[in-house]
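Data block below; observations after.
Read-outs throughout are calculated quantities, based only on the coordinates presented, and are distinct from any laboratory measurement. Since this is a predicted model, take the numbers as computed values, not measurements. Positions of Cβ are generated from backbone atoms using ideal geometry, with glycine treated the same way; all protein chains shown enter the neighbour counts.
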Amino acid sequence: MKIILILIPLLPFLGFLILGLGFSSIPRKATSYIGAGTILISFILSLFIFLNFHNSAISPPHYLATSLPQYFATSPPHYLFSWISIGQLQIPFSFLIDPLSLLMMLMVTGVSFIIHVYSIGYMKDDPGYNRFFSYMNLFVFFMLLLVMGANYPIMFIGWEGVGLCSYLLIGFWFKNHDYNNAAKKAFIMNRIGDLGFLLGMFLIFTTFNSLDFREIFARAKLMEPGNPILITITLLLFMGAVGKSAQIPLYTWLPDAMAGPTPVSALIHAATMVTAGVYMIARSNILYVLSPLTMEIMGVTALATALFAASIAVLQNDIKKILAYSTISQLGYMFLGLSAGAFTGAMFHLTTHAFFKALLFLAAGSVIHALGGAQDIRKMGGLRSRLPKTYWTFLIATIAIAGIPPLSGFFSKDEILLHLFEHNVTWWILAFAGSALTAFYMFRLLYLTFFRNFRGSDQQKHHLHESPAVMTIPLIILAVLAALGGLLNIPAVFGGGSWLTGFLAPVFADAVALSVPPATVSHATEWLLMATTLTGCLVMVFWAWRRYVKQAKGLLPDDAKRSLVVQLVSKKYYIDELYDFLFVKPALWLSRFLHQVVELRFIDRIVNGVGQVVVWTGNTVRYVQTGNVGFYMFIMILGIILILFFNILI
Amino acid sequence: MTNLTTIPIHYYLIFCSVLFSIGVFGVLIKRNVLVILMSIELMINSINLLLAAFSTYTNDPAGQIFVFFIMVVAAAEVAIGLAIVVLIYRTTHSIDINILNKLKW
């Protein structure tokens, strides 16, 4: 069992080492097999552990009967070796395998494998083929560490590692300067969040004298709700999540991260890495339940992000940027779920989002591939007949994300919305508006890309082709997952068994016990809520159809004259410009000041001064070397006499 | 041995200091390389004498052994020194150190 657990993250790492060290000497075919094969084996092993786990003594009905400490007592973290051991500080390298990490492991390895297979086709002609796969494998390794770690430091290794891989892959085409800047932006903004994570970790250690998840939570649940230390810890950890999961105010790196190859956007910037923040908070659920203030702040941030990003997505014209803003918005929904105490709902949405957003990105990649690199949706259109498989899979994903039953997004989003309604009706209204916006911008994207006539150049039109099977089969698999993902957690109102809720229950048992149970709504209200959201979405879908298909609007060039509000939104509220003005410009100014004044005028002068003094002294003193032997002798003897004289003196 | 110890040690000290000082002054004052070399020998030998004297007074033969070693080294040094002087004389036709001042700043 343990060896399998070690192998799951180790295999992608070995893949990375082989591909990374062998570099271009490994033939492409072997690279594909190593790159995708290691992930496939990891997935199979994860599946094996999942089934093993599922069939063992702790099967779903049993979960509800056991509380978290009992469960943890029966399933200790899998100790591998002692990692850090300094006096009181004992940090073992161990993995915690529980329903939450199992769900993430399956999702990460499964989606990664599909995307790796897709990449074989997408990256076929790229000169950096081996490099790409080695980075991707490294990413999967770090992501698995992140979700499997049994304490915060191991999670942090994974956390930093995925950030590194994100940086490497955003700047994958490093000859383009803009892409490098995007990579740097992502790295630096993540670093701001990581600072919060680190500080939170330090505070956890000083408070609980441990960094192990089990021990911390066991001690934390005895604490008073609203304890200021807990609030500080949770706020700091949330800061880390804000950076990694691209929430306001640190979200601007994610749209720029679209500079990377499309499979990277699908894997790292949609399905897995950006959801690490959600996972981390779901993992620390007890701490958060005991900090109502943090939950409020998180809720406001998440709601603002969800609406803000959705409104930006409505007026974007780059196919990948729209999806990026949509990802930010959906992450906002996940955090919104967390803040309402719907941990299962957030994890459920995380999973379904991984399916449909990965699918959207891969399908978008297929479109970009067919158009030879073009990403502007105003120059697309009419691709429905030319790229039928891409169209159908994209359509399924769009319906799923828009929240139209019976596809997966409906169930997961509905669960979050339901909890919100129980929690706070105003928030529900705003979240509902956001989900309607989601439906609108996603269908706008769909209509502009696949409907009406082709608007690109003749050369592109001639070149149009459906992607090869190696790319379309992953699309179809993901489409099936995106369509059926909702089956994981069908609520009782549809007569479902809420399997995921039961499966994850032991992880969230204490949190549920500690939080004040919200007033549960009747099934009739649930039906009403669903009907409302569904109607809202369908109206938006129809409006988008009327506007972009029937009236053929939305093709204005960038410099067209628009009303003030539209201009503001389409320029992304000038947030990038604002950050540029507030942070980048002052930082550059400060750097320039330090360079031109401090460095050039002071430090350089001191250093040069030392050199000049030495040169001057040498020039002056060299005349002592007269060449007269008698003089040398005289000086020598004088010296000896002086030394003797001083010896006597002292 | 006995008649040696009848002379008090400070006689040897004064005598050797005078001899050494003569050597030092010879080195400082003289311009002829040969005389300078001889002055150096004088200094070395004053030290030798002092070593021998002290070794007798303290009944430790090690000092006299040292003297032999110093003599050997001095002989070697003089051999090399004189060879250099001969070469200098052949090239410059002079052994005046005030003329040999080409090696300077």
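Only DSSP H runs of four or more residues enter the estimate; each adds -39500 (n - 2.57), and after division by the residues of chain A the mean residue ellipticity at 222 nm equals -23000 deg cm²/dmol. Can you work out the base-10 log of I(q)/I(0) for the stretch A:564-607 at q = 0.14, 0.16, 0.17, 0.23 1/Å, using the Debye formula on its C-alpha atoms alone? Result of the Debye calculation: -0.50, -0.56, -0.58, -0.75. Between amide H atoms placed 1.01 Å from N, distances below 5 Å from A:LEU80 occur with A:PHE93, A:SER94, A:PHE95, all of them 5 or more places distant or on a separate chain.
What residues of the stretch A:434-453 lie in the reach of a label at A:SER563, counting those whose backbone N is under 19 Å from a point 7 Å from the Cα along Cα→Cβ? Only A:437, A:440-441 pass the distance filter.
Counting only Cα atoms, the stretch A:360-490 measures 55, 27, 19 Å along its principal axes, largest extent leading. Treating the protein assembly as shown as a set of equal point scatterers at the Cα positions, no solvent, please give the Debye-formula log₁₀ I(q)/I(0) at q = 0.05, 0.08 Å⁻¹. The computed values of log10 I(q)/I(0) come out as -0.42, -0.67. In a fully extended conformation the segment linking A:GLN625 and A:ARG601 would gain 5.0 nm over its present Cα-Cα distance, using 0.36 nm per residue. Only Lys, Arg, Asp and Glu carry charge here, each on its Cβ (+1 for the first two, -1 for the last two); on that basis the protein assembly as shown has a dipole of about 2280 debye about its Cα centre. Straight-line reach from A:LYS185: taking Cα to Cα under 18 Å and skipping same-chain neighbours fewer than 8 places apart, the aspartates and glutamates in range are A:GLU160, A:ASP194, A:ASP256, A:ASP576, A:GLU577, A:ASP580. To the nearest 0.05, what FRET efficiency results for A:SER457 and A:GLN90 with a Förster distance of 56 Å applied to their C-beta separation? Calculated value: 0.30. Summary of packing: across the peptides A:80-86, A:136-142, A:103-109, the per-residue average of other C-beta atoms within 10 Å ranks them, highest first, as A:136-142, A:103-109, A:80-86.
Using only Cα atoms, tell me the angle between helix A:228-244 and the longest principal axis of chain A; keep it within 0 to 90° and round to the nearest 10. Helix A:228-244 sits at roughly 80 degrees to that axis. The mean number of partner chain beta-carbon atoms within 10 angstrom of a residue's beta-carbon across peptide A:622-628 is 4.
Relative to the longest principal axis of the Cα atoms of chain B, the long axis of helix B:62-92 makes an angle of roughly 10 degrees. Based on alpha carbons, the Rg and Dmax found for the stretch B:2-92 are 15.8, 53 Å.
For the pairs A:LYS184/A:LYS572; A:LYS124/A:LYS244; A:LYS321/A:LYS553, note any where the Cα-Cα span goes beyond 25 Å. Checking Cα-Cα distances, A:LYS124/A:LYS244 exceed 25 Å. Peptide A:633-645 has a mean of 1 when you count, residue by residue, the C-beta atoms of other protein chains within 10 Å of its C-beta. The protection proxy used here, the mean number of other Cβ atoms lying within 10 Å of each residue, ranks peptides A:496-506, A:545-555 as follows, highest first: A:496-506, A:545-555. When the Cα convex hull of the stretch A:574-649 is projected onto planes of every orientation, the mean area is 9.7 nm². For the segment B:95-105, counting C-beta atoms of other chains within 10 Å of every residue's C-beta and taking the mean gives 4. Peptide packing: for A:471-481, B:41-51, the average count of neighbouring Cβ atoms within 10 Å per residue gives the ranking A:471-481, B:41-51, highest mean first. Ratio of Rg to Rh for the stretch B:56-105: 1.30 [Cα atoms; Kirkwood radius as inverse mean 1/r over pairs]. Sorted from greatest to least, the principal axis extents spanned by the alpha carbons of the stretch A:257-367 come out as 46, 25, 19 Å.
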